[in-house]
Amino acid sequence: VLMDYCRQNDTTLLFSTHLPSQAVRISNKMIVMHKGRVVEFGNTEDILRNPQTEFGKAFLNNWRIDKC
């Protein structure tokens with residue numbers, strides 16, 4: 001329902017979660033943070049398929065995520 005509202009009103013939603021699987025379901029862009037710093041930013045699909053940092057790789061490998 002919330003995502004429908006955002007699409008209908010051309011609204012951006014910033015959603016914070018510690019569950020990557022949840023982020024995957026609702027996002028088209030993703031930020032991965034470590035110790036208060038952004039270590040990954042981009043299209044969700046790109047980050048999941050090819051994280052660019054060691055932390056991003058390690059973090060995402062610890063979660064069962066159905067890829068986009």
Residue under evaluation Asn43, criteria (1) open to solvent by 80 Å² or more (accessible area, probe 1.4 Å); (2) at pLDDT 90 or above, criterion not met:
(1)
Would you check which residues across region 21-31 are surrounded by 10 or more Cβ atoms within 10 Å (Cβ to Cβ), modelled with pLDDT under 90 and not aliphatic (A, V, I, L, M) and list them?
Ser21, Gln22, Arg25, Ser27
Tally of residues being part of a loop (DSSP other than H, G, I, E, B) and modelled with pLDDT of 95 or more across region 52-68
2
Expected single match for touching a residue at least 24 places away in the same chain (Cβ under 8 Å) and either open to solvent by 80 Å² or more (accessible area, probe 1.4 Å) or under 17 Å from Phe59 (Cβ atoms) (or both) among His34, His18 is His34
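The values are calculated or read from the model by the stated rules, or taken from the named source; none is laboratory data. Not measured: the values here are computed from a predicted model. Cβ: placed from backbone, ideal geometry, glycine included. Neighbour counts: every protein chain shown. These area figures cover heavy atoms from the full protein model, side chains too; ligands, DNA and RNA do not enter into them. Shrake-Rupley method; radii C 1.70, N 1.55, O 1.52, S 1.80 Å.
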